[in-house]
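Participant: Right, I'll just put the structure down here and ask away after.
Every read-out reported here was derived from the displayed coordinates using simple, explicitly stated rules and does not represent laboratory data. Worth saying up front: this structure is predicted, and the values here are computed from it rather than measured. Don't worry about glycine lacking a Cβ; one is built from the backbone with ideal geometry, like all the others, and counts go over all protein chains shown.
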Ligand code: PMP
């Protein structure tokens, strides 16, 4: 049997021609490419967590409703009264759930559309494609702000079922103007949803969550990943209860495993520890931004997230030189024309930030 023929006969052409999501091997590197929190939970808490996890019943499926975990999320993470949350295996899964629920060809003679400003978080477009939605990207302006007239024109032209706005945006780090987001919510009206993706909310401290009661078409999505729990994979989203009930039908049962639930419950009982880590990182962001601004040849973009986007004379060469110095950051250069020669670095501990700055200075000076 020819496996090639088998694959041609079964796997969709667009999947066959695609590449899988690439995660570089970071062993031995100062890892500043993925917006992780560099701090672990303190040792004493980790030991206590270990004991909790030892008691988790691994032989049972997770309890269906995730009650205790949802209760903590509602209480500790600012979900408005009367609003529930839907949980995902990372917010990546929530994006996929929303795309799967909205993708259709049934209503009109065209596929449902997802719209987002670009450059955006890559999983928006990937999830649209896998679900069978068309993706429309509206370029940001050169200063990374939203092009509101272009967004509104695209809404009229494409009637998107879903709009994704990361707030702050990844990979540019800025917060879009809240008035622009409001205009987009109003333009969508009852024709479409607007997902405000607040993955970096702990570092921006600005949120549309309290505004859920104002907009029936607003969905606010967040994650525990950037707060310091990237390893457990837990995302959550809130919206009008009737809307959440629809997405709930698409969510795979048991998607939040028992270890993740127990770890998240424990961490949220100590959320002040995570909030303090986020505060330290906000402080370090200011320090690193100022230090980068003083490096000749480097342009720094203001960030409301736990990463900073910079422009350098030759991003490919600087990125490669940083790799030889065992510093891993993200090269954004080929992602979109507005990101030509841009690099993205995660804000980390003072030591790791200093190691990055030293390596960056050395790489800029190295003319080989
Ligand atoms: N949204 C944005 C804007 C992101 O940058 C990321 C992670 N890079 C995510 C969502 C996904 O986060 P997770 O799946 O870890 O919850």
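Participant: Arranged by the count of other C-beta atoms within 10 angstrom, fewest first, what order do 29, 135 take?
Facilitator: The most exposed by this proxy come first: 29, 135.
Participant: State the antiparallel share, in %, of DSSP beta bridges confined to the chain, rounding to the nearest 5.
Facilitator: DSSP beta bridges in the chain are roughly 45 percent antiparallel.
Participant: What is the distance, in nm, between label points placed 7 Å from the Cα along the Cα-to-Cβ direction at residue 248 and at residue 11?
Facilitator: 3.7 nm
Participant: How many angstrom lie between the C-alpha centres of region 31-96 and region 112-134?
Facilitator: Here the answer is 26 Å between Cα centres.
Participant: In addition: What fraction, in whole percent, of alpha-carbon pairs in region 152-264 exceed 18 Å separation?
Facilitator: 55 percent
Participant: Can you give the FRET efficiency to the nearest 0.05 for residue 27 and residue 183, using r as the Cβ-Cβ distance and R₀ = 35 Å?
Facilitator: 0.15
Participant: Could you list, bin by bin from short to long, the percent of Cα-Cα pairs of region 146-194 in 10 Å steps?
Facilitator: P(r) over region 146-194, rounded to whole percents: 26, 57, 17.
Participant: What list do you get for 271, 23 if you sort them by fewest beta carbons within 10 Å?
Facilitator: By the 10 Å Cβ count, ascending: 23, 271.
Participant: With each pseudo-label sitting 7 Å past Cα toward Cβ, what's the residue 354-residue 52 distance in nm, one decimal?
Facilitator: 3.4 nm
Participant: Which whole-number value in Å³ per residue fits the convex hull of the alpha carbons of region 1-46?
Facilitator: Residue-normalised Cα hull volume stands at 194 Å³.
Participant: For the pair residue 61 and residue 134, what calculated FRET efficiency results from E = 1/(1 + (r/R0)^6), where r is the Cβ-Cβ distance and R0 = 30 Å, to the nearest 0.05?
Facilitator: 0.25
Participant: Can you give me the relative contact order of region 59-270 as a percent, contacts being Cα pairs under 8 Å and 6 or more apart?
Facilitator: Dividing the mean separation by the residue count of region 59-270 yields 27 percent.
Participant: For the chain, taking Cα atoms only, what is the radius of gyration to one decimal and the Dmax to the nearest whole Å?
Facilitator: Expressed in Å, the Cα Rg and Dmax of the chain come to 21.2, 62.
Participant: FRET efficiency for residue 104 and residue 40, Cβ-Cβ distance as r, R0 = 30 Å, nearest 0.05?
Facilitator: That pair, residue 104 with residue 40, gives E of 0.10.
Participant: Test of understanding: express the Cα radius of gyration of region 19-78 as a ratio to 2.2 N^0.38 Å, with N the residue count.
Facilitator: For region 19-78, the normalised Cα radius of gyration comes out at 1.63.
Participant: Once Rh for region 199-319 is found with the Kirkwood sum over Cα pairs, what is the Stokes-Einstein diffusion coefficient at 25 °C and 0.890 mPa s, in µm²/s?
Facilitator: Answer from the Stokes-Einstein relation: 142 µm²/s.
Participant: A further question on this structure: List, largest first, the extents of the alpha carbons of region 66-180 along their principal axes, each in whole Å.
Facilitator: So the three principal-axis extents are 43, 38, 24 Å.
Participant: Given N residues in region 59-270, what is its alpha carbon radius of gyration divided by 2.2 N^0.38 Å?
Facilitator: Ratio of Rg to 2.2 N^0.38 Å for region 59-270: 0.99.
Participant: Need one number: % antiparallel among DSSP beta bridges in region 59-270, to the nearest 5.
Facilitator: In region 59-270, approximately 30 percent of DSSP beta bridges are antiparallel ones.
Participant: Defining a contact as two alpha carbons under 8 Å apart and six or more residues distant in sequence, what relative contact order in percent does the chain show?
Facilitator: About 22 percent, as a whole number.
Participant: Hey, how many Å between the Cα centroid of region 280-299 and the Cα centroid of region 254-269?
Facilitator: Value for the Cα centre distance between the two parts: 35 Å.
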